[in-house]
Each structure stands twice: as C-alpha cells, then as structure tokens.
C-alpha cells in the first residue's frame, strides 16, 4: 500500500508507478507548446527513443504526441504550455513493452511567466555528472543533484548554477546548455557525458 493525497491506496499498478518514480527508473522530455506547435518535437522524440533503447524499452504501442494533444484539448484556448512527458522505463534484464501505465504527462499553461529575465547571475559549481557513469548524457528523472546545486546558488544570490568539469572548463547550467561567442565564432561544450545535449543546442549546431 502507499499513502498519497491524504489517503491509503491498495493498488498494485499505482504502487509499481510509485516504485519506478522513487528509484529513478524513468526518462523525460520538457517540451514547449505555442499556438499549435510542439517546438523541436522530432528532436525531443529522437532523444527520448534513444534513452528508451538503452533500457530495452519498446514504446511502439504508445503515441506520445496524440496523448499530449489530447491533454491540450482539455484546456480553454491554450496559447502556450510547458509539457513534461515522463516515460517509466523499468531497468529490467530483458526487453520491456511499454503501455499507457508507463506514461505520465504534465501540462502547465501558460508556459512562461509574463516577464522573464534577459540577464542572469550564475554561480560556479563542480559538475555532478561523470562520463564514466552509464546514464551520463541521458535525460532520466535523476535530477536531484541539479536542483540541489541550483538552490545552493540561489542562497548565494545567483539565479542558477554554472557547472565546471574537473579541469575547470565550463559545461552547462542546471537547466540549459551554454554557448559563448568569441571573435565571431560560437563555442559550446562537447556532448561527452559531462552535459545533457539539448534540443536547441542540436538545432543550432545543425543550422551553423
């Protein structure tokens, strides 16, 4: 049994979902929706599928986009939304066929606050990622170290954290990849296991 929302549940399916979430056995994508467009949808889907392949999870029975759009239709005239698509991916020894019980979709509308900062203050921290760890470079729900570092930076008056590798090179923030412009050239850290390669990062590299 599990205790949730001020009541007890004796539901094996819900208990299994809770187990996956509390043990980090899930991957996710955060997608921006604006006026009928799921931005960088193909890139998000490609990254999600690559993560699921690592866990030998077969998602062919799931229509991720249809599930997202059905949720958006429930909102009164959504102009923008921030969508978190979570797929529970059991770390089993054999292949797993995923079904609707493995899918969680969260929709926040509107997607962004009315006023957003154009400048941010960053505080440097050592990166919590290690390229020798098998899950490095995959977008799993194991994000606690990112949010903990971000909170530590906030206590020091910063908006976010800027992670460094063991040699002191810049990597990424807790929620975004970084770019630098010098002498007309654009630089970004390599996707070598110390960063999570973002969809916008990939689109910009392809464009350049």
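Examine the range 120-129 for a residue that is touching a strand residue (DSSP E or B) at 6+ places or on another chain (Cβ under 8 Å), surrounded by 11 or more Cβ atoms within 10 Å (Cβ to Cβ), without any contact (Cβ under 8 Å) to a residue 24 or more places away in the chain and closer than 30 Å to residue 20 by Cα, and state whether such a residue exists.
Looking for residues that are touching a strand residue (DSSP E or B) at 6+ places or on another chain (Cβ under 8 Å), surrounded by 11 or more Cβ atoms within 10 Å (Cβ to Cβ), without any contact (Cβ under 8 Å) to a residue 24 or more places away in the chain and closer than 30 Å to residue 20 by Cα, one finds none in the range 120-129, hence no.
Counting only residues that are in a strand (DSSP E or B) and either closer than 22 Å to residue 100 by Cα or not assigned by TED's automatic domain parsing to the domain that holds residue 102 (or both), which one in the range 4-15 is farthest from the chain's Cα centre (by Cα)?
Step by step, filter the range 4-15, then rank; the result is 9.
Looking at the range 166-196 only, could you name the residues that are surrounded by 16 or more Cβ atoms within 10 Å (Cβ to Cβ) and either at pLDDT 90 or above or more than 19 Å from the chain's Cα centre (by Cα) (or both)?
170, 171, 172, 173, 174, 177, 178, 188, 189, listed by residue number.
Can you give me the number of residues within the range 24-38 that are assigned to a loop (DSSP other than H, G, I, E, B) and free of Cβ contacts under 8 Å to residues at least 40 places away in the same chain?
Within the range 24-38, residues that are assigned to a loop (DSSP other than H, G, I, E, B) and free of Cβ contacts under 8 Å to residues at least 40 places away in the same chain number 1.
From the list 81, 61, exactly one residue is in contact with a strand residue (DSSP E or B) (Cβ under 7 Å, 6 or more places away or on another chain) and surrounded by fewer than 16 Cβ atoms within 10 Å (Cβ to Cβ). Which is it?
Going through 81, 61 in turn, just one is in contact with a strand residue (DSSP E or B) (Cβ under 7 Å, 6 or more places away or on another chain) and surrounded by fewer than 16 Cβ atoms within 10 Å (Cβ to Cβ): 61.
Any residue in the range 92-101 that is at pLDDT 90 or above, crowded, with 16+ Cβ neighbours inside 10 Å, assigned by TED's automatic domain parsing to the domain that holds residue 20 and not in a helix (DSSP H, G or I)?
Yes: one or more hits.
Can you confirm whether residue 52 is closer than 19 Å to residue 136 by Cβ and either crowded, with 18+ Cβ neighbours inside 10 Å or touching a helix residue (DSSP H, G or I) at 6+ places or on another chain (Cβ under 9 Å) (or both)?
yes
Does residue 67 qualify as being assigned to a helix (DSSP H, G or I), in contact with a strand residue (DSSP E or B) (Cβ under 9 Å, 6 or more places away or on another chain) and modelled with pLDDT under 90?
On the way: assigned to a helix (DSSP H, G or I): yes; in contact with a strand residue (DSSP E or B) (Cβ under 9 Å, 6 or more places away or on another chain): yes; modelled with pLDDT under 90: no.
So residue 67 does not fit the description; no.
Within the range 140-160, is there a residue that is touching a strand residue (DSSP E or B) at 6+ places or on another chain (Cβ under 7 Å) and at pLDDT below 90?
Within the range 140-160 (the criterion being touching a strand residue (DSSP E or B) at 6+ places or on another chain (Cβ under 7 Å) and at pLDDT below 90), the answer is no, since none of the residues qualifies.
Would it be correct to say that residue 67 is on the phi < 0 side of the Ramachandran plot and in contact (Cβ under 8 Å) with a residue 12 or more places away in the chain?
Spelling it out, residue 67 is indeed on the phi < 0 side of the Ramachandran plot and in contact (Cβ under 8 Å) with a residue 12 or more places away in the chain.
The values are calculated or read from the model by the stated rules, or taken from the named source; none is laboratory data. Keep in mind that this is a model prediction, so the values were computed, not measured. Don't worry about glycine lacking a Cβ; one is built from the backbone with ideal geometry, like all the others, and counts go over all protein chains shown.
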